[in-house]
Structures are given as structure tokens and as C-alpha cells.
Amino acid sequence: MENENNLFEKMSNWLKNSVMLKLLTITILMLLLLIPSAMINEVITDRQILQQEAIAEVSSKWAESQEINGPILTIPLLYEYEKDEEMIESIVYHYVLPEKLNINGNIQPKILNRGIYEVVVYDSDLKVNGTFNMDLSFDENHLKEIQYEKAFLTIGFSDLRGIGNNINFKWGEESLKVESGSKITDLINSGITIYPKDINRQKDKNIDFNFSVALQGSQDLTFIPVGGTTQVNLQSEWSSPSFKGNFLPKNREVNDAGFNAVWNVLELNRNYPQSWSGRSMKDKLDASAFGVNLLNEVDDYKKAQRSAKYSVMTIALTFLVFFLVEVINKKRIHPFQYILVGLALCLFYILLVSISEHSNFNLAYVISTFAIVGMISFYALYIIKARKLIIILIMALIGIYGFVYVTLQLADYSLLIGSLGLVIILGLTMYFTRKIDWYNLKSDSKEAVIEEGKGVV
């Protein structure tokens, strides 16, 4: 019986003092804490979805993203074929693009609020002019008639609700009436139609055109470069534009006062001709689009999501600090206390998201860091009861969150900064623990480690 008690006591002491068992327990706790971390990521994703729904709702009532396509001149061609001793007539549309297209625009951004969410919309004033070369050629095989009197111009606007004025379209010296709707839906789904007069008498000439439009939209404003030479000049007071599409500006200037951008696109830069008959070029036209996105630079959910990806690293490093303090201070920390510390670390991200929804992300990060570090440090003070080690713990926690913050700010270098940081952390851990006798932790390793590391774990 006495031998059994001794065996039980030895087993109990081994379970209490085994370093490997403690490390295994901490590892299991870290894995368990991945569950609340995943739940927090789901919360952030849900809030992102709510933000996107708010943007979609506001955009649907204001006007969606705008894409301008055209003007495109369409001339119906009547072809006649003989089939089974019967004459068959067929109408084929011939499309003509302008030789020159110039667009000058000013964009006035606005911030609309839907609950706690901000949505970027804009008013724009666009002045469009250019030239059509009417020296036209057609496939004359079986061509019966060129129906100049039925020719029409089409200008595409992806959301007609955004048009804020009656468009005065000038064709040469003549002002033409504008009608709503597109007759060439295989190329332009939504737009306006203009019927020029006396096209037949304007053959072999260059015809100038111009019009102005006040256009509302949300976030994006893009253009299709239908001109033989297309020049677009945009300016705005928005200081964080994102230039998008198949072409970037040839010249741009972006500062705190706004941006000015100029695009120059040649016919040779795109994959469709100046004129063609019949077949649709819609895919090629759409693929050549370019423009600007009024990017809302305060996208806190993406930053919070990126920071949450470091939760495993944050928990692991914090547990490592606690474990080393436990080894040095000869003060056992219960697994339940590790769990409380881990849950506090997880709450950091919920706190960060909730505060950043009503404040600046950087300020929210600072508040969340000091709240969590303060809570953990205050709790650890009653566990460890060694002020020097508590100071080391506070410095380590602030260093961890500071490291994550710097990594978030340097998005392009996050992998480099992250890998270098982890190498440095591992190297310091190896250096300051190199004299600990892990097989005999009862020895006086506390003073040796503190003396070697000058008080730094």
C-alpha cells in the first residue's frame, strides 16, 4: 500500500513538474483557441458583407458605377442574295468609330452614410468632342443599298439614371435630338441614340461632334477607347484614386489636394478596328475599358482581417513569454489561466473591429492594444508577483502588437517583415534560454538567465 502511495505521489509530481507535458498542454490550448479566432474571422467577414450591402443599396438609389462607350456610328447595309431561285434580303449593320475622341472631366466625390457605413459616390461634368472620318468603305459583294437615311449614333452609359442634364449633341454645326435607349444592344446595353441628318452628303468629309453631360455614379468611372486616338483628362479633389482597367494614365499627379490624370490610347493599342460589319466586338470593347476608382482608403475590415491572420502568432508568442516567465520565476501557471489570457488575446480583434467602425483604425488599434495589454498585465501581476517580470511581459506584449501593426502598414513587405521578425524572435528566445538546464529546472536558472539577458526574457 505504501509503495502504491509513493508511486502515485511520484506520478503526481511528474505531472506537475514535467516540462514536456506543460508544453504539450500549452500547444493543445493554442489549438483550441483557434476556434474562437475562426469565429472572430467570421464576424469580421459578416461585417464586411453588411458594408458591401450598404454600398450596393446606396449605389442602387444614387447611380451605379458608370462606363461610357461611344459615340459609335451605325449605318444599315441592305444585302441581297439568291437562294433556291429566290431573292433574299438581309440587313447588316456597319459600325464606324471616331478618328479622334477627347474627354475632359471633373469629378466631385461625395461621402454618403448608410448607418455606420460610408459610401463613395460622385458628380461629374464631362465634355466630349471628336471627329468622324466619313471616307467609308463597305463590302460591296451582294450589296444592294447603303441606307444612309437610317444611320444613327449610339453613346453608352451603363446607368442612365446618372444623367443629370439634357444632352445637346452637336454634329458639325447642327444640334441633334437625343433619344433614350440603345438600338445596338449587341454592343451597348444601355445608352442614348442620336439620328444625324444628310449623312449621304457628308461622305468623304470629316465631321466634328461635341456634347457635355453631367453624370452621377458610384465609385467607378470608366471609358471605352473607341477613338482612333483617345485622350481622357480627369481631375478631382479625391486624394486616393485607384487607376484601373486595361490602360494606365500616361501622366498623373496625386497629392492631398486631389489628382489629375491623362490617358492617351491609340487604335494600335486595342484589339478591334475603326470600322466593321456584322459581327459583335462587345467582348473586345469591354476588355479595353480603363478609368478610375474612387477608392475609400479607410477600409478597416480588410485591415482587421489581415491583423486577425496573425492571431496564432500573437497567442503563441504570448504563451511563450508566459512559459519562460513560469520557468524562470519557479511559479506554476495553471492551464485555466493560460486559457483566460488566450481569450483576452482573441477579444483584441473584436474590440479592434467594433472601435474602428466608429473611429480611425490606427486609434482603434492603439486603444485595443492598451486595453488588452493592461488587462493581461494586471491579471499576470497577481499570478507571477514579480514586478520586474511583469515589466518584461508588458514590453513583450507591446512589442508583439507593435510588430503586427508595422507589418500591417507595410503591406507590400509584410512577408519579408514577418519572416525577419519571427527569425529575430526565435533567435532571441534561443539566446536567452541557452543556459537553462531543461532536465533540472530546480537549479538556480532564474538568476543565470536574468543576469545573462540583463532582465530580458
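Is it fair to say ALA386 is in contact with a Leu (Cβ under 6 Å, 6 or more places away or on another chain) and surrounded by 15 or more Cβ atoms within 10 Å (Cβ to Cβ)?
Judged against the criteria, ALA386 is not a match.
Among the residues of segment 272-292, write down those that are modelled with pLDDT under 90 and over 17 Å from GLY70 (Cβ atoms).
Within segment 272-292, SER277, GLY278, ARG279 meet the criteria.
Every residue in segment 221-243 that is farther than 14 Å from ASN69 by Cα and not small (Gly, Ala, Ser), please.
The answer is THR229, ASN233, LEU234, GLN235, GLU237, TRP238, PRO241, PHE243.
Within segment 73-102, work out how many residues are in a loop (DSSP other than H, G, I, E, B) and surrounded by fewer than 19 Cβ atoms within 10 Å (Cβ to Cβ).
3
I'd like to check something: does segment 37-44 contain any residue that is part of a helix (DSSP H, G or I), modelled with pLDDT under 75 and under 17 Å from PHE319 (Cα atoms)?
yes
All but one of (1) small (Gly, Ala, Ser); (2) under 30 Å from GLN51 (Cα atoms); (3) exposed (fewer than 15 other Cβ atoms within 10 Å of the Cβ) hold for GLY105, so report the exception by its number.
GLY105 satisfies all of (1) small (Gly, Ala, Ser); (2) under 30 Å from GLN51 (Cα atoms); (3) exposed (fewer than 15 other Cβ atoms within 10 Å of the Cβ) except (3).
Within segment 83-98, restricting attention to residues that are at pLDDT 80 or above, more than 21 Å from ASP204 (Cβ to Cβ) and not hydroxyl-bearing (Ser, Thr, Tyr), which residue is farthest from the chain's Cα centre (by Cα)?
Ranking the candidates gives ILE88 first.
Given the conditions (1) at pLDDT 90 or above; (2) surrounded by 15 or more Cβ atoms within 10 Å (Cβ to Cβ); (3) not acidic (Asp, Glu), which single one is not true for PRO241?
(1)
Are any of the residues in segment 125-137 surrounded by 16 or more Cβ atoms within 10 Å (Cβ to Cβ), under 33 Å from the mean Cα position of the chain (by Cα) and not in a strand (DSSP E or B)?
no
As an exercise: evaluate SER307 against (1) closer than 19 Å to GLU67 by Cβ; (2) in contact (Cβ under 8 Å) with a residue 12 or more places away in the chain; (3) assigned to a helix (DSSP H, G or I) and give the number of the one condition it does not meet.
The number of the failed condition is (1).
Considering only segment 167-197, state which residues are farther than 23 Å from ARG279 by Cβ, without any contact (Cβ under 8 Å) to a residue 12 or more places away in the chain and either hydrophobic (A, V, I, L, M, F, W, C) or in a loop (DSSP other than H, G, I, E, B) (or both).
GLU173 - this is the single residue of segment 167-197 that is farther than 23 Å from ARG279 by Cβ, without any contact (Cβ under 8 Å) to a residue 12 or more places away in the chain and either hydrophobic (A, V, I, L, M, F, W, C) or in a loop (DSSP other than H, G, I, E, B) (or both).
For segment 247-271, give me the residue count where each residue is part of a loop (DSSP other than H, G, I, E, B) and crowded, with 17+ Cβ neighbours inside 10 Å.
3
The values are calculated or read from the model by the stated rules, or taken from the named source; none is laboratory data. Just so you know, these numbers come straight off a predicted model, no measurement behind them. Backbone-built Cβ (ideal geometry, glycine too); neighbour counts: all protein chains shown.
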